[in-house]
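The values are calculated or read from the model by the stated rules, or taken from the named source; none is laboratory data. Since this is a predicted model, take the numbers as computed values, not measurements. So basically every Cβ, Gly included, is an ideal-geometry build from the backbone, and we count neighbours across all protein chains shown.
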């Protein structure tokens, strides 16, 4: 069952959403630059933050990789990691992306290397990359095969928001863009602070019960960053008594009677043509749910909400605004 859920979620990611897995590991302490400089410092000051090569790091699989210099040709086989690389100012170094990469706009024009589960090996080799970045959906046997072809492959598998920020810092270190990475993480932390400050004085009885449906018939429980986002936003995830990605129990949702229902926008049933919110509203007995009675069924951009990249804190803000519009304008 767990294997089926992972495969379904991997498919979900393949259409630009995101997911699960183990957090990434930071580089060895001895290899990190020691001087912390604010973003506004001079070029000379910034150079003190330069990565020292050779650099050895461990990725989320525990695999050690050593880089003799900053990568010049990067293939990203995951939409979230592509967003990170572009946000770090590395768009000119990204020579190819997955078939599903659509943000930022410049990523659309990059050569494609196939899907996120099993990208095309020949297409990757054709780009002569010195770094291949994979996300949560890249199969382990694919990673092993690519490494057997003498490719430097790093895989990132974040579970919580902190993992996402550590992945950004790790990619910044590998690519000698540490200052940019720290600036980006600082902005993300500021976004988190705005949300948590807005909801921190909520009394227990004021906290709203939230049900999130990220794909038709599927929700999320403990151990994944979408559950964490609901908590950060001041909500109570009614599926938090479950672990990971779970099929929806329609009777349970009716019983829990959520105040707010959040769903991922952009999905349409191929057979009926119904949008996800239409499907949700038509379920038997769900018209009695408070969220539906009060018209608190709110769609959120599925890419922003679920890609474990630099826009995840924007997703947090939009989620909190949907739950407590009076607190976040």
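Things to note:
- Consider the stretch 199-227 and keep the residues that are at pLDDT 95 or above and assigned to a loop (DSSP other than H, G, I, E, B). The one that is surrounded by the fewest Cβ atoms within 10 Å (Cβ to Cβ) is 203.
- Residues of the stretch 75-128 that are in a loop (DSSP other than H, G, I, E, B) and surrounded by 24 or more Cβ atoms within 10 Å (Cβ to Cβ): 77, 78, 98, 101, 113, 116, 119.
- Residue count for the stretch 253-277, restricted to those that are at pLDDT below 95 and farther than 16 Å from residue 214 by Cβ: 5
- Where residue 196 falls short, out of the listed (1) crowded, with 16+ Cβ neighbours inside 10 Å; (2) outside any loop (DSSP other than H, G, I, E, B); (3) within 20 Å of the chain's Cα centre (by Cα): (1)
- Residue within the stretch 155-172 that is more than 25 Å from residue 315 (Cβ to Cβ), assigned to a helix (DSSP H, G or I) and modelled with pLDDT of 95 or more present: no
- Hey, residue 141 assigned by TED's automatic domain parsing to the domain that holds residue 73 and either outside any loop (DSSP other than H, G, I, E, B) or within 22 Å of residue 64 (Cβ to Cβ) (or both) or not: yes
- Test for residue 181: is it closer than 28 Å to residue 277 by Cα and either assigned to a helix (DSSP H, G or I) or touching a helix residue (DSSP H, G or I) at 6+ places or on another chain (Cβ under 8 Å) (or both): no
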